[in-house]
Amino acid sequence: MITAYLYKNRRLTIKELTVEDDVPEQTLWLDLYKPEDEEREWLSRFSVEEVPDEEDINDIEASARFYQNADGLHINSLFPQRVGQDVRAVNISFNVRDSFLLTIREEDVGLVRLLRNYLRLGRLKVTTPQELFLEFFNLKVDYLSDLIEDVYTVLENVGAEVFESEELDDVFKLITLQEDSNGKIRLSLLDTQRSLRYMQRYYRGRMTDEDLKDIREMLADIESLMPHSQFIFDKLNFLLDAAMGFTSLQQNRIIKIFSVAAVVFLPPTLIASSYGMNFVDMPELSWKLGYPMAIALMLASAVGTYFFFKQKRWL
């Protein structure tokens, strides 16, 4: 799907294009969502270099993610996407051209919809593709900050559940989920940092002082978010160790109960085994009170062992 965004005087006009159309004049942003082969061929009519495909967009090599050619600046960046309780990292290909900003993506990303709404409401002051590109990354950094706050909130609840819940299966799943989410958040932060530093270093000649100031502020925000991400990793490791220790403690208590029960019933078993031997000369076998005496002796030995453990505070 090809969508052209015409933006002038804080007024947004959206046009859905087909492969038979040309890029409209005053297009500030051209977005290709899940482009088909014929749509990529259509884009190649307005491109000097080869149009990147899905494999190129997902490539992790720095030379494939940040480069410049005749079509302008190319940056492939990871954008966070919350799906239920999970956080996914989705690659978006940016091509900053002189006339418009080109984005190519294979998945729907919430920040794209958010930026579109901001443009529709006239809340952004953008006149150039560079400014629109930086607004993308401004929203991305803010969203990453919100995701870190969400992880903090979840961990507060997990900390209470570790010591209150008897069934820790859900707690372990939640800790694992938050660790994965935090890893993707940190990966997005690092990727954003690399993208902005590349633009700051190799594209500064085409940006205004205000654009460079925005990049410096975003880099400072990322630097401030990095320690929070590391703290979350440390917190997750602590909660995981605490949950494992609490589980081991519960298991030890159960094993302790079985061990004490076995020791308590050991003397009665010994007495019963003694009188179960088939010897001829056993005076108690012909004694009328022999059976009650054996029962009483077994009960007394069990009760005595129990109170001994109680006195030692082993129970």
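Residue 234 falls short of the stated requirement of being under 28 Å from residue 27 (Cα atoms), in the same structural domain as residue 26 (by TED's automatic domain parsing), out of contact with any Pro (no Cβ under 9 Å at 6 or more places or on another chain) and in a helix (DSSP H, G or I). Which one of 175, 222 is modelled with pLDDT under 85, crowded, with 16+ Cβ neighbours inside 10 Å and β-branched (Val, Ile, Thr)? The match here is 175. Residues in the range 254-280 that are among the β-branched types (Val, Ile, Thr) and surrounded by fewer than 11 Cβ atoms within 10 Å (Cβ to Cβ) were compared, and the one that is modelled with the lowest pLDDT is 280. Looking across the range 178-198 at every residue that is closer than 13 Å to residue 134 by Cα and not hydroxyl-bearing (Ser, Thr, Tyr), the one that is surrounded by the most Cβ atoms within 10 Å (Cβ to Cβ) is identified as 196. Of all the criteria given as (1) in a helix (DSSP H, G or I); (2) outside the structural domain of residue 158 (by TED's automatic domain parsing); (3) at pLDDT below 80, the one not satisfied by residue 300 is (3). One residue alone among 76, 95, 9 is of a type in the set (S, T, N, Q), over 30 Å from residue 179 (Cβ atoms) and modelled with pLDDT of 85 or more, and that residue is 95. Under the condition of being polar (S, T, N, Q) and at pLDDT 85 or above, which residue from the range 178-199 is nearest to residue 242 (Cα to Cα)? Ranking the qualifying residues of the range 178-199, first place goes to 188.
Scan the range 164-183 and give yes if some residue there is assigned by TED's automatic domain parsing to the domain that holds residue 29, under 21 Å from residue 65 (Cβ atoms) and without any contact (Cβ under 8 Å) to a residue 60 or more places away in the chain, otherwise no. Checking the range 164-183: at least one residue is assigned by TED's automatic domain parsing to the domain that holds residue 29, under 21 Å from residue 65 (Cβ atoms) and without any contact (Cβ under 8 Å) to a residue 60 or more places away in the chain.
Once the range 225-253 is narrowed to residues that are modelled with pLDDT of 80 or more and polar (S, T, N, Q), the residue that is surrounded by the fewest Cβ atoms within 10 Å (Cβ to Cβ) is 230.
Hey, among the residues in the range 108-123 that are touching a Leu at 6+ places or on another chain (Cβ under 9 Å) and under 20 Å from residue 144 (Cα atoms), which one's surrounded by the most Cβ atoms within 10 Å (Cβ to Cβ)? The extreme case among them is 115.
Residues that are within 22 Å of residue 43 (Cα to Cα) and polar (S, T, N, Q) within the range 85-110 comprise 91, 93, 95, 99, 103, listed in sequence order. Just checking, does the range 199-215 include any residue being part of a helix (DSSP H, G or I), under 22 Å from the mean Cα position of the chain (by Cα) and surrounded by 20 or more Cβ atoms within 10 Å (Cβ to Cβ)? Checked the range 199-215: no residue is part of a helix (DSSP H, G or I), under 22 Å from the mean Cα position of the chain (by Cα) and surrounded by 20 or more Cβ atoms within 10 Å (Cβ to Cβ).
The values are calculated or read from the model by the stated rules, or taken from the named source; none is laboratory data. Computed from a predicted structure; not experimentally measured. Every residue, glycine as well, gets a Cβ built from its backbone with ideal geometry; the counts of neighbours run over all protein chains shown.
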